[in-house]
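What follows is a set of notes on a single structure, which appears directly below.
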Amino acid sequence: MAAGPAVDMKAIEGVLGNHPRGATDALVHLLQDIQEAVNYLPEEAIRAAADHLEVPLGKVYAVATFYKAFSLKPRGKTIVKVCLGTTCHIRGAPVVVEDFQHGLGIGPGETTSDMKYTLEVVNCVGACALAPVVIAGEKYLADVKPGTILKRLSKGK
Amino acid sequence: MEKTYTVIPKNCTGCRTCELACSMVKGVDGNLGHSRINIYPTGPDRFMQMTCMQCIDAACVSVCPTDALMRNKETDAVEVVEERCIGCALCETACPFGHIHFDELKGIPLKCDLCGGEPTCVRFCPHRALEMRR
Amino acid sequence: MRFTTPTELADKSATLASTDRKIKKRVLVCSGTGCAALGAFEVFDALVEAADGAKLDLQIELAPCADHAEPLYATKTGCQGFCQVGPLVHIQPDDILYTKVTPKKAREIVEQTLQQGKVIDKLLYKNPETGERIAERSKIPFYQNQTTIALEGCGRVAAESLDAYLAAGGFAPLAKALTLTPEAIIGEVVESGLRGRGGGGFATGRKWRSCVAAEGDERFVICNGDEGDPGAFMDCCIMEGDPYRVLEGMIICALAVGAKRGFIYVRNEYPRAVSRLQAAIDACRAAGLLGDNILGSDLDFDIRISRGGGAFVCGESSALMRSIEGNVGEPRAKYVRSVAKGLYDKPTVLNNVETFACVPAIIRERGKWFRQLGTEGSAGTKAFCLVGKVVNTGLIEVPMGTPLRDVVFGVGGGIINDRPFKAVQTGGPSGGCLSEEHLDLPVDFDALTAAGSMMGSGGMIVMDDHTCMVDVARYFLKFLLEESCGKCVPCREGIFQLHAMLDAFAKGEGKTGDLAKLERLAEDVQVGALCGLGKSAPNPVLSTLRNFRDEYEAHIERKKCPAGVCQAITTFLIDAEKCTGCMLCIKACPTEAITGQKKKLHAINQELCTKCGACRLVCKDDAVVTT
Amino acid sequence: MTQILIDNRKFNAEEGETILEVARRNQIDIPTLCHHEALEAVGACRLCTVEITGEDWNGSTKLVSACLYPVEEGLIVQTRSEGVLRLRQTVLDLLMARCPESTVIRDLATQHGQVTEYQQFTDGSKCIMCYLCVRACAKLGCHAISAVNRGTLKEVAPPFHEHAESCVGCGTCATICPTGHIEMVDTAETRTIWKREFEFVTCKVCGEPLITKAYRDYALENRRLPNDYYTVCSACKKSELSGHFARLSL
């Protein structure tokens, strides 16, 4: 495992405490809570979850790699989600993804080396009227025209 | 069960006809290594036939995780149900007598199943050293 | 307060309703995702500020949410539908709808409309065809042709307030259901002709009945809110905008089938729906509407939220149940139906959000009422998300059987920039594309299926002549390729190969005979895959092949993309006759590939052109052409 | 007891039995890749697809997987209909493209008349994702490997794609793998599998490798067997005991 930032075990233990020991059906929830707390799923967290819920590690790993919401790699400060829903697609979202590749050198699922941005592509976020739409952190950027996204990101609108 | 498989070591001359017969019937291409019965010399002109004793509380049966070893109610033999075997080879290790040979190629254990009640080895033993006794 | 009898509930509702009626003016600011992103919160703040200063006797609500303090990210709320012209401000009881409101305009609204009763003309919706301004919301064509049942309360009430739901008559259907026998409730649902809104269209009443008939010591009710189809967000809007209605539908179902535990499986991308539903569940527990002895009756029922992990396949019922159990969301073969062996192998009723949202109205108005809406085989109404290259993008609900043309050109207002209509994609990735010849098709379960598409959950994506159908099929297969669980061979390997073939077509690498190969594999995946996702995965290919075969042939035989979308085989040029030298395309081009001066013919440098199509998108004169 | 028709022959079946069980019992060949009698059926390979209909189905038919479909009274099954054969062929064609290196798949595909060539994967993998190894490992209670990721990227791997921690080196996965995808290397002293090296217990008489120490420990803990059973190989057990028995029979 590549050396990432130090893992906040306290936060993880805090999350574990919210789920009863051995509650196997809470697995997906627990992993979601951990990711919310520490931004990704560090190996330590996956092990801790397996221990806590008394689920085989292999199964936890299978679940963590199956669901798209989970990231096993540390993610950037701002998670930029490019919607690739149908409307966004036909209104030019693939070009927005290319803009990231050209401008920041990151593809979907990748993080800039300064840990500033992580690019994620998501299926329809239900904001088709704003297509193509990009969600930067918590901000919706509407009607993203080709070649404009990086400027808008730095301006935050 | 009507008859019991019985070895009579004092009649055995070490001719190994039983091994040959068994491997012809049960083995692959008559490979002697596949014989479920083996003859061991135990002294001058003394031999011991070693084959599965179909133990009552069989270690191989209890160790199997998939119930791939089952007792045949008619013959009382412990048989391998190949389709149920996942190839863990625990039975080979578990048998205290060394009577299960795990065939790496086929991925299944080989053991004596009494040939469905009429053992070939008994039929071929020229010296009545193997018998089905009442 | 905790209601211990239906009468207590009815009294409280009546009191709330009468207080409600005393409010002179009510301003509803839409905070749906679209409006919020366009500045609905700033509008709301400005309205409140101005109203405070003017000391007005009125109520301003951020409909449907009341907690605007939360970050924008979380405000994916159920909306008033007409996202295209947001932010929307709806003033009641006058039914005035203001569109594209800005904070500055908000002050104007307070001064002129609220204080002096004057309608501000320039904020009204302008009918693009007639140029006429329309004041009343109900007279705007977009709303005029709609009938709302599932979306009845969406965007009209504050979503987190149980009181608001009660004031609007909420939970009266539950009180009524408590006086009925389970069989009578099911009978009502059967009578209504309600069919599952999630895609399959299975008769809801019959499903409930078979669950009752199945053997088991415990039964479950599951609400499927894992709305994964790209371009569909109806369920999201309902869960966020009217969560109590969904809960009420589930409680009535639990009463009918004898379930004690329920689950709502909410898609990972809908955090706001989770918090809304959780708040609603908590409020219901406190009010004695969930938990033991609901409204003093024998009914014990509680609901838990289960969050999805971002997997489209979990919209499939057996995968969804595996996911609730904490497993990888792989579907199982459904040879034993989930009503008999579902969650934890117990009898389970699984319906989607919109289906449950229809139930309270059915109990209230009787099944017969619901049945007379819609068509013979498809009763009631259906919510759709009308998106794509259509003028009025938004959330709509129309009676089943409404002709496709009325939806696209009536409610939807036609195609953007008056381009030619090409296709409507319905049913999401599992659905298909309908072409112009289907425009007069009545939209219902059976008609769509017969035309080679399907109802699906209700996404409706409109496409114009600048949409390439090969690209659309490729897009959906790419989506499915990433979303296939990977369990069975036809889906995992078949979709990969189908996608690879379409990829080759888009690059101009298709060979004669490939279409037959594509078709055969698509048909095999359709019959051979394990679950509904896999079985329907080839639909986008098969339906586009059926209706737009010539486009495929153009890609393969002529190595050309008629719509000018597939980059590798498209060249962008400027039509010297049409170009007016307006410089719009020069500004839009991200790679500075277009040169030219004002009022002079522009030119595209092919070496620099990345074929993104930005120039064509902005050109008002149709001067950017593709070959 | 119900009666069903398979390939126009009538068979009795117990309630709860699958089509495959009834067919196999009556020596009707239905090919499978992911099926194993001792492991829970998953219906992943789709090779066992058969065509079913019923008398009151008005002539409509359905393709279902025989390993999962429970029999019902009056069920009519065709194991070699045109649709079945076509699908089987497609499944094998697809698997051929997935793992062109696998001779098992190639033989099977050729046997079924391979017709269509698809874009081949070039990663050299022979894995067809039948889940047999994963299920067998779970059956033994080790859970050392699992099916991770999804879609085309789905693969069998230990947690974190690192060495398999809870693996005991029993080798069952390699034995059960139908295509020989799982790599297991044995020397006189060690076994290497899933990026781990295991030391063998050797026969204390002849020194032959027996089972891995980890597997022995696992079996001792989970199967409650006396330690000595593990320290002598089968041949030496027999040889030692023959002398012992000879003395007894005197």
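Every read-out reported here was derived from the displayed coordinates using simple, explicitly stated rules and does not represent laboratory data. Everything numeric in this text was worked out from a predicted model, so none of it was measured. Cβ sites come from the backbone with ideal geometry, for glycine too, and all protein chains shown count toward neighbours.
Data overview
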quantity	calculated
Using distinct alpha-carbon pairs, which all enter the 1/r mean, Kirkwood radius of chain D in Å	21.2 Å
Angle between chain D longest axis and helix D:82-98 axis [Cα atoms, degrees, rounded to 10]	40 degrees
√(5λ) per eigenvalue of the Cα gyration tensor, the protein assembly as shown, largest first, Å	63, 34, 29
Cβ neighbours within 10 Å from other chains - mean over C:301-309	3
Within a Gaussian network of chain D (alpha carbon springs, distance under 10 Å), most fluctuating of D:139, D:195, D:238	D:238
Kirkwood Rh, angstrom, the range C:207-290 [1 / mean 1/r, Cα pairs]	13.7 Å
Residues with amide H under 5 Å from that of residue C:388, placed H, sequence gap 5 or more	C:462
At R0 = 41 Å, FRET efficiency that the Cβ-Cβ distance of residue D:3 and residue C:365 yields, to 0.05	0.25
For peptides A:131-142, C:289-300, sequence by mean Cβ density within 10 Å, most packed first	A:131-142, C:289-300
Long-range amide H partners of residue C:32 with built H, under 5 Å	C:80
Descending principal axes extents, the range A:26-157, alpha-carbon based, whole Å	49, 30, 20
Whole-Å semi-axes of the range D:2-111's equivalent ellipsoid (Cα gyration tensor)	26, 16, 11
Angle in degrees between helix B:17-26 and the longest Cα principal axis of chain B, rounded to the nearest 10	30 degrees
Stokes-Einstein diffusion coefficient of chain B, Kirkwood radius over Cα pairs, 10 °C, 1.306 mPa s, in µm²/s	105 µm²/s
Net charge of Cβ neighbours under 15 Å - reference residue C:1; Lys, Arg +1; Asp, Glu -1	-1
Environment charge at residue D:200 (Cβ cut-off 11 Å; Lys +1, Arg +1, Asp -1, Glu -1)	-2
Candidates per chymotrypsin sites (Phe, Trp or Tyr not before Pro) in the range D:114-219, loop by DSSP, up to 16 other Cβ within 10 Å	D:121
Segment residue C:181-residue C:304, length gained on full extension (0.36 nm per residue, minus Cα span)	41.7 nm
D (Stokes-Einstein, µm²/s), Kirkwood Cα radius, the range D:104-207, 1.002 mPa s at 20 °C	138 µm²/s
Principal axes of the range A:78-155: Cα extent on each, largest first, Å	33, 23, 22
Whole-Å semi-axes of the ellipsoid equivalent to the range C:571-626 (Cα gyration tensor, √5λ, descending)	15, 11, 10
Binned Cα-Cα distance frequencies in chain C - 20 Å width, integer %	19, 49, 28, 4, 0
The range D:38-77: GluC sites (Glu not before Pro) falling in loop per DSSP and having at most 12 other Cβ within 10 Å	D:40, D:55, D:73
20 °C / 1.002 mPa s Stokes-Einstein diffusion coefficient of the range C:381-467, Kirkwood radius on C-alpha pairs, µm²/s	174 µm²/s
DSSP beta bridges in the protein assembly as shown [antiparallel fraction, %, rounded to 5]	70 percent
FRET efficiency, 1/(1 + (r/R0)^6) with R0 60 Å, evaluated for residue D:222 and residue C:578 via beta carbons	0.15
For the range D:110-157: Kirkwood Rh in Å [reciprocal of mean 1/r, alpha carbons]	12.9 Å
Vicinal HN-Hα couplings computed from phi for the range C:7-19 (Karplus, 6.51 cos²θ - 1.76 cosθ + 1.60; Hz; Gly/Pro x)	5, 4, 5, 4, 4, 4, 4, 5, 4, 4, 5, 6, 4
Calculated Rg and Dmax of the range C:308-425 using C-alpha coordinates, Å	18.7, 54
Residues residue C:285 and residue C:10, FRET efficiency given R0 of 25 Å [Cβ-Cβ distance, rounded to 0.05]	0.80
Helical contribution to [θ] at 222 nm, DSSP H n ≥ 4, -39,500 (n - 2.57), averaged over the protein assembly as shown, rounded to 500	-10000 deg cm²/dmol
Anisotropy class of the range C:162-371 from Cα gyration tensor, a/c 1.5 cut	rounded
For the range A:71-129 and the range C:290-315, distance of Cα centres in Å	34 Å
GluC sites (Glu not before Pro) within the range C:471-542, DSSP loop, no more than 15 other Cβ atoms inside 10 Å	C:509
Percent of C-alpha pairs per 10 Å bin, the range B:16-56, short to long	31, 44, 24, 1
